[in-house]
1. Answer yes if at least one residue in region 199-221 is under 24 Å from Asn50 (Cβ atoms) and among the charged types (D, E, K, R), and no otherwise.
2. Which one of these is in contact with a Gly (Cβ under 9 Å, 6 or more places away or on another chain), surrounded by 14 or more Cβ atoms within 10 Å (Cβ to Cβ) and within 18 Å of Tyr86 (Cβ to Cβ): Val160, Val171?
3. Quick test of your reading of the structure: Ala135 fulfils all but one of (1) in a helix (DSSP H, G or I); (2) away from the ligand (no atom under 12 Å from the Cβ). Name the failing condition by number.
4. Whether any residue in region 290-300 is in contact (Cβ under 8 Å) with a residue 24 or more places away in the chain and part of a loop (DSSP other than H, G, I, E, B) is what I want to check.
5. Hey, any hits in region 89-103 for a residue that's within 12 Å of the ligand (Cβ to nearest atom) and within 20 Å of Arg31 (Cα to Cα)?
6. Which of the residues spanning region 230-252 are within 20 Å of His120 (Cα to Cα) and either assigned to a helix (DSSP H, G or I) or touching a residue at least 40 places away in the same chain (Cβ under 8 Å) (or both)?
7. Can you pull out the residues in region 219-235 that are in contact with a Pro (Cβ under 8 Å, 6 or more places away or on another chain) and farther than 17 Å from Thr255 by Cβ?
8. Which condition breaks for Ala337 when tested against (1) small (Gly, Ala, Ser); (2) part of a helix (DSSP H, G or I); (3) surrounded by 14 or more Cβ atoms within 10 Å (Cβ to Cβ)?
Amino acid sequence: MIDTPAARNWAGNVRYSARRRHRPATVDELRRLVAGSDRIRAVGTGHSFNRLGDTTGDLVSLAGLPPTVDLDPERGTVTVAAGLRYGDVATRLHGDGYALANLASLPHISVAGAVATGTHGSGDAHGNLATAVAALELVTADGDLLTVDRADERFAGMVVSLGALGVVTRVTLDVVPTFDVRQYVRLDLPGDALDAAFASAYSVSAFTGWRTGRIDQVWRKQRADQPPPPADWLGTRSAPAQRHPVPGMPAENCTPQLGVPGPWHERLPHFRLGFTPSSGDELQSEYHVAREVAGDALAALDAVADRIAAVLQVCELRTVAADGLWLSPNHGRDSLAIHFTWIGDEVAVRPVVAAVEERLAPFAPRPHWGKVFGLDPASVAAAYPRYADFRALLAELDPAGKFRTELLDRHFPRS
Ligand SMILES: Cc1cc2nc3c(=O)[nH]c(=O)nc-3n(C[C@H](O)[C@H](O)[C@H](O)COP(=O)(O)OP(=O)(O)OC[C@H]3O[C@@H](n4cnc5c(N)ncnc54)[C@H](O)[C@@H]3O)c2cc1C
């Protein structure tokens, strides 16, 4: 063991209850560890906000495994060590002339941890980050090494795994030729122009403080060869200087804006590697609803806008394309993701999360698996058509419940 994973998650609101923490240096060491443990969970970079990744047994980080990045130009894929951060993978890929189609708001998260929770970026045409996964290698409950790819009928159930099916050691991702992006921040978008804004560019994010009927900022990330938005674009005005999404936070933490072209991995995330993403002192919740009901869902939240605003740092709206992954929040439906960066006070935030969930309930919301939510298990299960199939997969691959957590037991009770 070289080192141990951190004792707490990034936000500091979860202290892991693991009795032992490990950082193996080889896959064989990891296999022995998994085979010999009765209760074990993998941890990535700890950027989740709930106890999904917690265990009372062994907590294992893959950050000590060799940081391999193997490009296969013929197949159009790259196979990476699962514990690597997206930012590290991106730098290597760009150097070789390749890119990933999309990234989340921060490059600091591990590939395996992000994929396991269905982490997403934005863009009407882009699936979440898990949709780029072409194959997985994982250590299963008995310590065996299993490789699965899209040809395997279980694969669609194994990508967004919630860490419950094994410890993922290598991930193969689809790549595309590298490309440049320009990022423009526009201010004061009228609420009824939201769909037009989302459709206007490669990746678009809208930020609101829920204090007015307008969107305070739109971050429009467009391919560099596309023309810039006109001066009167959708009734907005240009931000005169670099912005942070959270009012009062330093804009230098953010990726360059003002239309300055740069490589995909330095524009698609909002935050720069090496700087604190978001605000740091925060909690996050997020709900995905189908695009067809998105307007009604946002209107339903208007009734609790004052309560939201009172504990909010910023709300971000993004679009994600539909996919076929069983536990993906975007399974079978093009989605609007309604994200809340709350203040870092769980006691104040929890009742507002409950109020938001009550208002969203008629719209079959699917929570971000790695963020703060309290939706009852029955309603979450009902929102996932392949829920029963995932439970069967859990029973098949982890019959003794080695990778289970309290949160998993609540949402996927053993039969
Ligand atoms: C500032 C900030 C910004 C964020 N922005 C976004 C965003 O833009 N979009 C979005 O969707 N989410 C976002 N998130 C949430 C974040 O992307 C997810 O919570 C993601 O899962 C974190 O990845 P991680 O590597 O930190 O995983 P962890 O939090 O460490 O783990 C998450 C889950 O993955 C499992 N896991 C980790 N590694 C492995 C492995 N090797 N094998 C099997 N299972 C594993 C864990 O057991 C756990 O269940 C953000 C979070 C923060 C703090």
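1. Looking for residues that are under 24 Å from Asn50 (Cβ atoms) and among the charged types (D, E, K, R), one finds none in region 199-221, hence no.
2. Val160
3. Answer for Ala135: the failing condition is (1).
4. Checked region 290-300: no residue is in contact (Cβ under 8 Å) with a residue 24 or more places away in the chain and part of a loop (DSSP other than H, G, I, E, B).
5. No: zero hits.
6. Initial filter on region 230-252 (within 20 Å of His120 (Cα to Cα)): 244-246.
Across region 230-252, the qualifying residues are Pro245, Val246.
7. Leu234, Gly235
8. Just one mismatch for Ala337, condition (2).
The values are calculated or read from the model by the stated rules, or taken from the named source; none is laboratory data. Nothing here was measured: the structure is a model prediction, and the numbers come from that model. Note that each Cβ is placed from the backbone with ideal geometry, even for glycine, and that neighbours are counted across all protein chains shown.
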